[in-house]
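Below is one structure, written out as structure tokens, with a few remarks after it.
The values are calculated or read from the model by the stated rules, or taken from the named source; none is laboratory data. If you're wondering where the values come from, they're calculated on a predicted model, not measured in any experiment. Here the Cβ positions follow ideal geometry from the backbone for every residue, glycine too, while neighbour counts run over all protein chains shown.
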Amino acid sequence: MKRLKELREDMDMTQAELASILMQSKSNISKYENGQIEPNIDTIIALARFFNVTTDYLLGVSDIKNPYSITMDDINEALDAVTRLNDKIVDMENKLSGKENERFTF
């Protein structure tokens, strides 16, 4: 599990710290990272939850850490898009109401 080591190091954690959190031995963490043994499914799920990644990412099946995570940039981008769309709707309503009033004026 090459990604386990990367994720652990990204959080500035030692193998001993991760082992303590997972209630595993430091030796097991080292063996997981070196590919000497594979963690069981419960440990894989625990690791994925702890590092906020998918099990697919952890196992190297996917390069997307968490397709469901949302950043503030994502939220701001969505809000900007909604605001632009709302502005267009208001402009269209104003144009339509102005044309309808002209068309049906006697």
Worksheet item: Can you spot a residue in region 21-31 that is modelled with pLDDT of 90 or more and in contact with a Leu (Cβ under 6 Å, 6 or more places away or on another chain)?
Response: yes
Worksheet item: Using beta carbons and a limit of 6 Å, which pairs, at least six apart or on different chains, have the first residue in region 15-33 and closer than 18 Å to Gly60 by Cβ and the second one among the aliphatic types (A, V, I, L, M) and outside any loop (DSSP other than H, G, I, E, B)?
Response: Ile29/Leu18; Ile29/Ala19; Tyr32/Leu4; Glu33/Leu4
Worksheet item: Would you say Tyr68 is among the aromatic types (Phe, Trp, Tyr) and surrounded by 13 or more Cβ atoms within 10 Å (Cβ to Cβ)?
Response: no
Practice prompt. Please find, within region 61-84, the residue that is farthest from Lys5 (Cα to Cα) out of those that are within 12 Å of the chain's Cα centre (by Cα) and among the hydrophobic types (A, V, I, L, M, F, W, C).
Written response: Met72
Worksheet entry | Any hit, region 41-60, residues being in contact (Cβ under 8 Å) with a residue 12 or more places away in the chain and over 18 Å from Arg3 (Cα atoms) | no
